[in-house]
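Undergrad: Quick one: structure below, then a few questions.
The values are calculated or read from the model by the stated rules, or taken from the named source; none is laboratory data. Keep in mind that this is a model prediction, so the values were computed, not measured. Positions of Cβ are generated from backbone atoms using ideal geometry, with glycine treated the same way; all protein chains shown enter the neighbour counts. Please note that ligands, DNA and RNA were not included when accessible areas were found on the heavy atoms of the full protein model with its side chains. Shrake-Rupley method; radii C 1.70, N 1.55, O 1.52, S 1.80 Å.
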Amino acid sequence: MPVEFLSDEQVAAFGRFGDTVPVQVLERLAWFDDADRELVAVRRGSRNRLGFAVQLATVRMLGTFLSDPTDVPTGVVEFVAAQIGIDAALFTGYSARPKTAYEHQWEIGATFGYRPWSDSEAHAELRAFIGRREKTGHRAR
């Protein structure tokens, strides 16, 4: 029988943003380096550059993409927009062509090695990784 270690509230919150995201979290997980900025810069149009960048920040912060890629707190969008020099108001039109958001998710996944959790190979790799860490005595702190 599996051990329940998350509360119902924690399970419901997984893979979603809260109403606000602390600046410290944004600075740690949504800060773009030069390589990230180059990847964002090749998008066509400011709206697509901003949308791509927000999705990149989202997957880094939540560990997953959102089913509605525009369901992101304003503070996150503004933080990302300021980094890449784009008006945050442009984000409202990002979902005009839904396939664009999915194409961005696929590219981010391919570039950084993100895969859906439903991928059984990903499960096997995670189990092997945890097993190796367990054998060498490394524990999460």
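Undergrad: Only one residue in Glu107, Glu103, Glu78 is at pLDDT 90 or above, out of contact with any Ser or Thr (no Cβ under 9 Å at 6 or more places or on another chain) and closer than 18 Å to Phe17 by Cβ. Which one?
TA: Glu78
Undergrad: Glu27 fails exactly one of the following numbered conditions: (1) surrounded by fewer than 17 Cβ atoms within 10 Å (Cβ to Cβ); (2) in a loop (DSSP other than H, G, I, E, B). What is the number of that condition?
TA: The one condition Glu27 does not meet is (2).
Undergrad: Residue by residue through the stretch 61-95, note down the ones that are free of Cβ contacts under 8 Å to residues at least 12 places away in the same chain and over 14 Å from Arg43 (Cβ atoms).
TA: Within the stretch 61-95, Ser67, Glu78, Ala82, Ala89 qualify.
Undergrad: Go through the stretch 66-106 residue by residue and tally those that are within 16 Å of the chain's Cα centre (by Cα) and open to solvent by 50 Å² or more (accessible area, probe 1.4 Å).
TA: Residues that pass the stated criteria total 8.
Undergrad: For the stretch 50-59, indicate whether the set of residues that are out of contact with any Cys (no Cβ under 9 Å at 6 or more places or on another chain), small (Gly, Ala, Ser) and open to solvent by 60 Å² or more (accessible area, probe 1.4 Å) is non-empty.
TA: No, because not a single residue in the stretch 50-59 is out of contact with any Cys (no Cβ under 9 Å at 6 or more places or on another chain), small (Gly, Ala, Ser) and open to solvent by 60 Å² or more (accessible area, probe 1.4 Å).
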